[in-house]
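Working notes for the structure below.
Just so you know, all these numbers are worked out from the coordinates, no wet-lab data involved. Just so you know, these numbers come straight off a predicted model, no measurement behind them. Because the Cβ atoms are built from the backbone with ideal geometry, glycine has one as well, and the counts that use them run over all protein chains shown.
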Amino acid sequence: MRDRQPDRRVVLHKSEERQGVQGDGWRGWLADQDMTISSMVKDETAPPAQQRLPGAPVHVGVIMDGNGRWAARRGLPRIEGHRRGVEALRETVRAAIDFGLDYLTVYSFSMENWNRPVEEVADLMGLLKRFIRNDLNDLHKSGVKVKVIGARDNLKADIRALLEEAENLTKANTRLTLIVAFNYGSRQEIAAAARALAQEAVAGLIAASEIDETLLARHLDTAGIPDPDLIIRTSGEQRLSNFLMWQAAYSEFVFLPIHWPDFDRQAFSAALAEFSARERRFGGVTGQYRNGKLLAGVTKT
Ligand code: FPP
């Protein structure tokens, strides 16, 4: 098991101090938040499986940020941060099942990530391949349905084949849908949807006047998937970085001051606790919504 004990020798970079990234992991941050993990799960080693807690989200999106900085602070190569990031991802999927989430979307490679040094891009492609080869059977046995969003056309044939294999093998599973955003960009996704709609209009299949947000959403990679209730980003950065921008219109955001390899079940449940303490109004007023749903008998104004 990897060591999650705080490393108090770590010196924060100036930008991390400004962002409040904790040098000693998530524990100090949790204490500052006055959050009790037990308010979300009774026993963190054996949480009740498949029971969504009241106020818990259905769909959580995660921007797994800070692998490089995690590695740099330990004098390790960036790839080591990504490797530890895969371990954190495994634990996150297990926790998502235990917390009873229906959907978990993880941002694993953005279209802009092609701008990284070629060696790092190759490392990330290698990690994805290993993740699918090593973990697919376990994911399948756990009832996880894998769905990949993002462009496929510029990916190598072996990667495309693995993504398809993962989707085909797990397509009938219902316990948790793991959506892997790979070679994904929200602006590109929206542009592709607009292009498809324009082609349908030119072909006379739809009238331009029929195009509304419901029709556009049906042309996104996420068609049929509910919008994320909560988006978590690690590393102290506070931005979306081209992730689910359409779908996040009414998402709650939790920005954690820890790097992704340090993200674990406890940090996850603290983020869920923070989410459950928020009141979502979807542009309405206090008291109209509970757990993201318009209350019965309450009419929209
Ligand atoms: C951001 O950290 C992370 C990524 C760009 C990749 C996320 C990838 C993983 C968690 C592992 C790979 C998993 C799969 C399934 C491919 P960063 O490198 O931008 O960190 P930095 O901002 O500190 O440099």
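Subtracting the Cα-Cα distance of Ile190 and Thr174 from 0.36 nm times their residue separation leaves 3.0 nm of extension gain.
Ordered by the number of other Cβ atoms lying within 10 Å of each residue's own Cβ, fewest first, Trp114, Trp260 fall into the sequence Trp114, Trp260.
Are there trypsin sites (Lys or Arg not before Pro) in the range 219-301 that DSSP puts in a loop and that have at most 10 other Cβ atoms within 10 Å, and which ones?
Values: sites: Arg233, Arg239, Arg265, Arg278, Arg280, Arg281, Arg290, Lys293, Lys300; in loops: Arg239, Arg278, Arg280, Arg281, Lys300.
Qualifying residues, ordered by number: Lys300.
Going by neighbour counts of Cβ atoms within 10 Å, the residues Glu91, Glu164 line up, fewest first, as Glu164, Glu91.
Say a paramagnetic label sat at a point 7 Å from the Cα of Asp102, along Cα to Cβ; which residues of the range 198-227 have their backbone N under 15 Å from it? 223-227, by backbone N distance to the label point. Apply 1/(1 + (r/R0)^6) to the Cβ-Cβ distance of Gln238 and Glu91, taking R0 = 30 Å, and write down the FRET efficiency to the nearest 0.05. Step by step, r from the Cβ atoms, then E = 0.80. Starting from the Cα of Asn154, move 7 Å in the Cα-to-Cβ direction to define the label point; list residues of the range 76-116 whose amide nitrogen is under 12 Å from there. 110-116, by backbone N distance to the label point.
The simple spin-label model puts a point 7 Å past each Cα toward its Cβ; for Arg133 and Trp246 those points are separated by 3.5 nm.
Strictly over 20 Å apart at the Cα level, which of Lys147/Lys171; Lys171/Lys293; Lys129/Lys156 would you flag in this model? Could you put the intermediate results ahead of the total?
On the way: Lys147/Lys171 8 Å; Lys171/Lys293 28 Å; Lys129/Lys156 11 Å.
Check vs 20 Å cut-off fails for Lys171/Lys293.
3J(HN,Hα) along the range 171-187: 5, 8, 6, 10, 6, 8, 9, 9, 9, 9, 7, 10, 6, 10, x, 5, 4 Hz, from the Karplus curve 6.51 cos²θ - 1.76 cosθ + 1.60 with θ = phi - 60°, whole Hz, x for Gly and Pro. At most 12 other Cβ atoms within 10 Å and a DSSP loop assignment: could you name the chymotrypsin sites (Phe, Trp or Tyr not before Pro) in the range 130-204 that fit? Of the chymotrypsin sites (Phe, Trp or Tyr not before Pro), not one in the loops of the range 130-204 has a Cβ with at most 12 other Cβ atoms within 10 Å.
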